[in-house]
Each structure stands twice: as C-alpha cells, then as structure tokens.
C-alpha cells in the first residue's frame, strides 16, 4: 500500500509527470469529490486523455490501478461528510468562526439572489447581442470579477478587452473604442474617481455603458445606461466582493444560455485548438 495520502503523493510526483498526467493530477487535487464518483473512462473524458492513461497515472503513484486510488479519494470524501454531520463546532472555536464566516457570505449571496432585478440584466444581454467589442474596466477590489467577466464574454465569441485603471492606459484604450462598442465597469467601493469619469467619457463617445456597482448611489451608477446593483451589505463591506463575483457568475450563465449556439461554436473551436496544441507538444 502506498505511503502518504493520495494528495501528498500527487503533489510530490507532479513536477516529474508528463503533461497528460499533470492534467489528471490537477483535476484530482482540485475536484476530488467529482473524481470519487467518476469511472476511469469518465475521468479520462473530463481531462481529454484516454482511459489507459488514467490507469497508468494511478500505477505511477504505486497504486495497483485506478480503483485503488479512487478508494482512497472516496474514503476522504466520506470522512469529511461524516465529520460535518457529527461535529457541531463551538462558536468561539476556529471551526466555529470559519463556519460563521461562510454562513455570512452565503446569507449575503442569498439576499442578493432574492433582490436581483432581472430587467437590467435583460437590457445588458440585449446590448451585448449588438456590441462589436466590449471593454472591461474595474476598480482594484473588483479585479478578480473583471477577469471572470472577460472570460464569460469571450466564451460566446465576443471581442472583449481589459482596460487598465490608470490614466495613460485608460485613455489609450478608450481611444480605440468607437460607436457600437460597449463599456462594462465594475465598481465595488466607489473609491476610484477615474472609473466614473471613464464611464461618462465612453458614453459621450457613443459607447453603450453598463456598470456593476456595490451601491446604487455610486458615481458610476449615475453615468451609465444600465446599472446592475449589488445589494448593500451593512454587516460586511467585504461581502460586496463575493456578491459581485456571484452576480458576474450569474451573468456568465445567462450569456451561455441566451447565446447557446455561439457558446457551443466557441467551445468546439477551443477544444479543436487545444488538441492541436497538445499534439504539437
């Protein structure tokens, strides 16, 4: 029986693994719950390798085969589920504090879900259906969500570009924009004066403008054509970041639903190029 947990063994071996083995390693480490439920063939499909590669991967870690490796993964999942059911953490313990933090975020996202106004989202989808290009801008706090937004837009074949939040780069980026383009700005805290100025300038130049804001009173909200508001979180200002991320994810789902054919076409093209690149390596 191999020594150490499956995760320890994978992390230790990863630098020496082939590219296909590394894809398997990363999937199992990051998505171990799914890996516990998939057959070798299903796992192979998830990471675009053949089933024999899954078997060889397990054997390279000194397991007899994939079932032996998967048994260890299943044991971890079962143990975690049982612990969650049995243990009620004390409020003043580390587990109690972390549980409370997760619950607060879940409550904030649930409030946002209930309060979501679909009308601005519908207006945005209509504008995106006509946009030639999309320029994305954000304050520092919303930067991770802006990156996710960019990926969502590109997943349906839109030409989407990230603009820097500094005068020189922002001016150069906006100079490339023209009527028929769309500017999307994410403003978490209303603390970046350059952002609403950019929205106003883009609108004056004939661009359609949409903002995702952490408060309806924000300066950027008064400048834009469409406003998607993150409901204010009085108990935790930091929760704005997470609720904004959830809203951007919801937008991504809406894009793939509304523009399903475009998304399917882009996914097929991407998969084809990935296979070509993999063969080239």
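The values are calculated or read from the model by the stated rules, or taken from the named source; none is laboratory data. For clarity, every value in this text was computed on a predicted model and none was experimentally measured. Positions of Cβ are backbone-derived with ideal geometry, glycine not excepted, and every protein chain shown enters the neighbour counts.
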remark   = Given (1) out of contact with any helix residue (DSSP H, G or I) (no Cβ under 6 Å at 6 or more places or on another chain); (2) more than 16 Å from residue 120 (Cα to Cα); (3) part of a helix (DSSP H, G or I), residue 196 misses just (1)
request  = Within the stretch 2-51, track down each residue that is without any contact (Cβ under 8 Å) to a residue 12 or more places away in the chain and on the phi > 0 side of the Ramachandran plot.
outcome  = 4
ask   = Which of (1) touching a helix residue (DSSP H, G or I) at 6+ places or on another chain (Cβ under 8 Å); (2) modelled with pLDDT of 90 or more; (3) exposed (fewer than 14 other Cβ atoms within 10 Å of the Cβ) is the odd one out, the single condition residue 7 does not satisfy?
value = (3)
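Taking the conditions exactly as written (assigned to a helix (DSSP H, G or I), within 23 Å of residue 144 (Cα to Cα), in contact (Cβ under 8 Å) with a residue 60 or more places away in the chain and not assigned by TED's automatic domain parsing to the domain that holds residue 50), does residue 254 satisfy them or not?
Values: assigned to a helix (DSSP H, G or I): yes; within 23 Å of residue 144 (Cα to Cα): yes; in contact (Cβ under 8 Å) with a residue 60 or more places away in the chain: yes; not assigned by TED's automatic domain parsing to the domain that holds residue 50: yes.
Judged against the criteria, residue 254 is a match.
Of the residues 150, 94, 159, 105, which single one is without any contact (Cβ under 8 Å) to a residue 60 or more places away in the chain and outside the structural domain of residue 264 (by TED's automatic domain parsing)? If you could, list the steps in order and put the result at the bottom.
Working: 150 fails: outside the structural domain of residue 264 (by TED's automatic domain parsing); 159 fails: outside the structural domain of residue 264 (by TED's automatic domain parsing); 105 fails: without any contact (Cβ under 8 Å) to a residue 60 or more places away in the chain.
From the options 150, 94, 159, 105, the qualifying one is 94.
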note = Note on the stretch 257-281: residues at pLDDT 90 or above and in a loop (DSSP other than H, G, I, E, B) are 259
